[in-house]
Each structure stands twice: as structure tokens, then as C-alpha cells.
Amino acid sequence: MTKPDSGVTAAVRRDLVEIGKRSKGLADSTLAASALALAAELDDRNSATSKSMCAKELRETIAALWAQCPAEEEADGIDELAKRRAARRAG
């Protein structure tokens, strides 16, 4: 058995950290816990059939988590100009 924070499990934890930056509740959800459990199964000694089934389900679970995340806000040139103007007026 591999260590719990190696391989696929470590990668899923990194994904959940990124998801948590957008939605803490989603990163702590049952779906997130399921992703970690599936990752642990992939890291463990299992048959190739079991691993392929877990890998498919993990891909779908991670995709579902990302799909539920709020969109990341991108910096807009107009927003930057508005911030500069507000700073100029305030200072």
C-alpha cells in the first residue's frame, strides 16, 4: 500500500485545495470525500479492472466538482482603471 499522500491521492488533494479557494463547502463535500476515497483505491493494490473502474469514476467526480465551482474572476482592464481612479480620488 502506498502512503496516503502520494500518487493519485496527492493529486486529488491538490485539486481540492484549488476547488476550496473558490468554494470551501464544495471542497469539504461528500463528493470531495468520494474523490479522495477513489484516489486511495487507485493508489492501493487492486486489480487492473478495479483500478480502471475507480479511475473512470474519479474522472467523473472531479469533473462534477469543477463544474459546480463558481467561475474564477478574471482581472479586467476596465476594473483596473476603475481601481486606479478610485485610488487617485481617495488619495
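Considering region 56-91, the residues that are modelled with pLDDT under 90 and not in a helix (DSSP H, G or I) include one that is farthest from G20 (Cα to Cα), namely G91. The residues of region 26-47 include none that are among the basic types (K, R) and either in contact with a Ser or Thr (Cβ under 6 Å, 6 or more places away or on another chain) or surrounded by 20 or more Cβ atoms within 10 Å (Cβ to Cβ) (or both).
The values are calculated or read from the model by the stated rules, or taken from the named source; none is laboratory data. Predicted model only: the values in this text are computed from it and were never measured. Because the Cβ atoms are built from the backbone with ideal geometry, glycine has one as well, and the counts that use them run over all protein chains shown.
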